[in-house]
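Down below is the structure, laid out as structure tokens.
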Amino acid sequence: MDTSLHIALCDSDPGDRRQMERLLGRESDKRIGTTGGFYIDTFGGVEAIVNSPILYDAYFLDSTDPVCDSYGIAKAVRDKGILSPIVYCISTIDYRQSGDMLPNCVFMNKPIKVAELSLVLDEIITQKKENYIPTIELRNQYETFYLEAKNILYFVGNGYTVDVHMTDGSIRQATAFMDSLWRDLYSFPTFQLVSPTVIVNTSYIAGIGLTSLTMRDSSRHSVKAKYRGLIKAKYDKYAKKQS
């Protein structure tokens, strides 16, 4: 699997920030042919980093802003439900002394030592491998969001938009064409196109007829004859595992 990392960097000191960007860039170059490189986004404060639509694999922080220091940023990230590793790069504030220790945090003293940084990045990559769950990236005009295949019943296309029907009964809306969405779903074998406007998760098919199928939410969808054999094969392989 590709374990390239998306890294958020927030450092109040411009010189230290440029140095960390260089160090991470060199570490990325070392790994580009094996585990994958790094994508680094730099932020100036809590609002930008917390409201970013990207779910980062790691957060490197040394904000000395009295309004919101590194701990404040880390707390805001955790409050959002993000459990990615947080690396405190310690200069003037030693966050080891914080009374409220947040989970999955690492501490590195400045100046950053190359060997120590390399070990920390190796651990972050290992953690990503161990916790990796493939997700489907979708977006609309307001946000980018990530969904697990097991939480999706089916997709219904409406021209430029797609309604994503979830197993909990909710409906999320994404901006996408059905043909491009279908290409994006090739790596998720439980999904199958049943008509030009509908893609179903075959794990949640309740029954298959000659010209239609029924999903577990009781919705019925017409099935093009050319897709019926594929749908039946996937239903036999995946849906029965759920029963």
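The values are calculated or read from the model by the stated rules, or taken from the named source; none is laboratory data. Because the structure is predicted, anything quoted here is derived from the model rather than measured. Ideal geometry is used to build each Cβ from the backbone, glycine not excepted, and the neighbour counts take in all protein chains shown. Remember, those area values only see protein heavy atoms, side chains included, never the ligands or the DNA or RNA. Shrake-Rupley method; radii C 1.70, N 1.55, O 1.52, S 1.80 Å.
A single member of Asp11, Asp69, Asp29 is open to solvent by less than 30 Å² (accessible area, probe 1.4 Å) and among the charged types (D, E, K, R), and it is Asp11. Looking across region 166-187, the residues that are touching a strand residue (DSSP E or B) at 6+ places or on another chain (Cβ under 7 Å), open to solvent by 60 Å² or more (accessible area, probe 1.4 Å) and within 20 Å of Tyr142 (Cα to Cα) come down to Ile171, Arg172, Gln173, Thr175.
Assess whether Thr64 counts as being closer than 21 Å to Thr126 by Cβ and part of a loop (DSSP other than H, G, I, E, B). No; evaluated as a whole, the condition is false for this residue. Under the condition of being part of a helix (DSSP H, G or I) and touching a helix residue (DSSP H, G or I) at 6+ places or on another chain (Cβ under 7 Å), which residue from region 1-32 is nearest to Ile49 (Cα to Cα)? By that ranking, first place goes to Leu23.
Only a single criterion out of (1) modelled with pLDDT under 90; (2) crowded, with 20+ Cβ neighbours inside 10 Å is not satisfied by Thr64, namely (2).
Restricting the search to region 106-142, which residues are open to solvent by 100 Å² or more (accessible area, probe 1.4 Å) and in a loop (DSSP other than H, G, I, E, B)? Walk me through how you get there before you give the answer.
Here is the first cut: in region 106-142, the residues open to solvent by 100 Å² or more (accessible area, probe 1.4 Å) are 111, 113, 119, 123, 129-132, 139, 141-142.
If the condition is that a residue be open to solvent by 100 Å² or more (accessible area, probe 1.4 Å) and in a loop (DSSP other than H, G, I, E, B), then Pro111, Lys113, Tyr132, Gln141, Tyr142 are the ones that fit.
Across region 185-243, which residue is farthest from Tyr154 (Cα to Cα) among those that are small (Gly, Ala, Ser), assigned to a strand (DSSP E or B) and touching a Lys or Arg at 6+ places or on another chain (Cβ under 8 Å)? For region 185-243, the residue satisfying everything is Ser212. Only residues that are out of contact with any Phe, Trp or Tyr (no Cβ under 8 Å at 6 or more places or on another chain), closer than 21 Å to Arg183 by Cβ and of a type in the set (S, T, N, Q) were counted in region 194-243, giving 1. Taking region 72-105 as the range and being under 27 Å from the mean Cα position of the chain (by Cα), closer than 19 Å to Ser12 by Cβ and open to solvent by less than 50 Å² (accessible area, probe 1.4 Å) as the test, the residues that pass are Gly72, Ile73, Ala74, Ala76, Val77, Ile86, Val87, Tyr88, Cys89, Cys105.
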